[in-house]
Amino acid sequence: MIAKPKILVARAIFPEALAKLEESFEVRSNQADVVFTPEELKQELASVVGALVTGSERIDAHALSEAKQLKIVANISVGYNNFDIPAISAAGVMATNTPDVLTDTTADFGFALLMATARRMTESEHWLRAGSWTKWSIVNNPLGVDVSHSTIGIIGMGRIGQGIAKRALGFGMKVIYHNRNRLSETDEKTCQATYVSKEELLSTADHVILVLPYTPENHHTIGAQEIDLMKPTATLINIARGGIVDDGALAQALQTGKIFAAGLDVFEGEPNVNPQLLELSNVVLAPHIASSTEKTRRAMVDLAVENLRAAIDGKKPPSLINAEVFRD
Ligand code: DGY
C-alpha cells in the first residue's frame, strides 16, 4: 500500500473538512488549537509535504529550515503578512492565500464597524446596561455622527475596498479613495470613486476606512501626523492589519478628542490590545472577525484545501502568490 502524503493542519478547522483531508492524507492536526511556538512550528513542518496555516503561524526562513519535503504553505486568510515570501520562494515552497471568497463578508463587516463607530452602538449599549436610560433627554444620550450623505475615504482600493465603496453608494455617500495604483476608469465609474492624495483624503473624509495590505512600507500609514490632518468629527476604521495604525498615537488622539471615534478589528501585536484603547469609550473593538461568518470561514478552508491538494498533485494552485516557484 502506498503511504498517504503527510500534511499539517496548524490550527483547528471544521471537523468535516478535517475528516475529508484524512481520506487522502496522513494528517497531523492541531485541533487543540494551541498556537505553536516558532520552534514547534519548525519541527512540525520538517516532516510534511503541505501545511494549512493561519495568521498565527509565521512562515519564514527559520520555520522552513528543516522542511525539506514541503511543497506548499496554504494560508487560510487573504492577507499574508505572516509569510516571508522571499524566504518561502527561496525554499522552493508554494505560498497561497484565500482571495475573493471573503470579499463581501469582509466589506459587510467594515461597513458594520463604521456604522457602530459613528452611531456609538457599543457605548450606547453600555449606557443602557448601566441604567442611564432613565436620565435620557434630547441631548443627554450618546450622540453620534451621520453616515448617510457624508464622505467616506477608503485607503486601499482592492476587492474589499471596492466592496465598501459600493455599499457606501447605497448610503448616498461621496466616495474618495487613495491606493498605491489608481483604479481603471471603468472601476472608478462602477464605484463612483474619486482618486485623491492621502493628505486630501484624511483632511476631507468624514469616515476614513483602512483596507490596505500590511507591508513594511505601510507600517504606521496612520500615525500622529496623519491623525492631525483629520477632522475632529471624523471616525477612523481599521479592518486591514495591526501595524498600519500607530495604536498608541490613536489612543492619545481619541483621549484628547482629536478625532470623534475609531472602530478597530485589528491591532498592533494582536491578540494583545494597547491597554489605553481598552479604557476608552469612543472606540469600538472587535477581535479580528471581519471574515467571520460560518459560510465564509468554510469557503476559506475549502479554498486553502484546494490550493494544498493542487500543489501536492503537481498542479498550479488556484491562488498561488509566488508563481515563480511553480514548475509545470
Ligand atoms: C484575512 O483573510 O486576511 C482576514 O483578515 C482574516 O485573517
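Each value in this text was obtained by applying a stated rule to the coordinates, not by laboratory testing. Values in this document were obtained by computation on a predicted structure and should not be read as measured data. FYI the Cβ positions are ideal-geometry reconstructions off the backbone, even for glycines, and counts take in every protein chain you see.
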Next item on the list: Tabulate in residue order the Karplus-calculated ³J(HN,Hα) for region 283-296, using 6.51 cos²θ - 1.76 cosθ + 1.60 with θ = phi - 60°, rounded to whole Hz; enter x for Gly and Pro.
Entry: 9, 9, 10, 9, x, 6, 10, 4, 9, 8, 10, 4, 4, 6
Next item on the list: Describe numerically, in nm with one decimal, the distance between label points set 7 Å from Cα along Cα→Cβ at Asp302 and at Gln31.
Entry: 2.2
Notebook entry, point to check: Where does the charge balance sit around Arg58 when Lys and Arg score +1, Asp and Glu -1, over other residues with C-beta under 11 Å from its C-beta?
Noted result: -2
Notebook entry, point to check: Roughly how many nanometres apart are two label points built 7 Å out from the Cα toward the Cβ at Leu143 and Asp313?
Noted result: 6.2
Item checked: the chain - percent relative contact order, Cα under 8 Å, separation 6 or more -> 17
Check: Can you give the helix-only mean residue ellipticity at 222 nm for the chain, where every DSSP H stretch with n ≥ 4 adds -39500 (n - 2.57) and the sum goes over all residues, rounded to the nearest 500 deg cm²/dmol?
Finding: -10000 deg cm²/dmol
Check: If the chain between Met1 and Ala17 were fully stretched, how many nm would it gain, using 0.36 nm times the residue separation less the Cα-Cα distance?
Finding: 3.3 nm
Check: Which of the aspartates and glutamates could be linked to Lys198 by a straight reach, that is with a Cα gap under 18 Å, when you skip same-chain ones fewer than 8 residues away?
Finding: Glu188, Asp206, Glu217, Glu226, Asp228, Asp246
Check: Between Ile289 and Glu185, 0.36 nm times their residue separation minus their Cα-Cα distance comes to what?
Finding: 34.2 nm
Margin query: Give me Tyr177, Tyr80, Tyr214 sorted ascending by neighbouring Cβ count inside 10 Å, so fewest comes first.
Written below: Tyr214, Tyr80, Tyr177
Check: HN-Hα J couplings of region 116-121 from phi, Karplus 6.51/-1.76/1.60, θ = phi - 60°, integer Hz, Gly and Pro as x?
Finding: 4, 6, 5, 9, 6, 4
Item checked: Geometric extent, Cα atoms of the chain - Rg, Dmax (angstrom) -> 21.7, 77
Next item on the list: Between Ala63, Ala32, Ala112, find the one with the highest GNM mean-square fluctuation for the chain; connect C-alpha pairs within less than 10 Å.
Entry: Ala32
Margin query: Can you give the FRET efficiency to the nearest 0.05 for Glu279 and Ser124, using r as the Cβ-Cβ distance and R₀ = 22 Å?
Written below: 0.75
Notebook entry, point to check: Which entries in the list Lys6/Lys42; Lys4/Lys68; Lys295/Lys316; Lys71/Lys295 go over 22 Å, if you measure between the two C-alpha atoms of each?
Noted result: Lys295/Lys316; Lys71/Lys295
Next item on the list: Apply the Debye scattering formula to region 103-285, with a single equal point scatterer on each alpha-carbon and no solvent, then give log10 I(q)/I(0) at q = 0.19 Å⁻¹.
Entry: -1.30
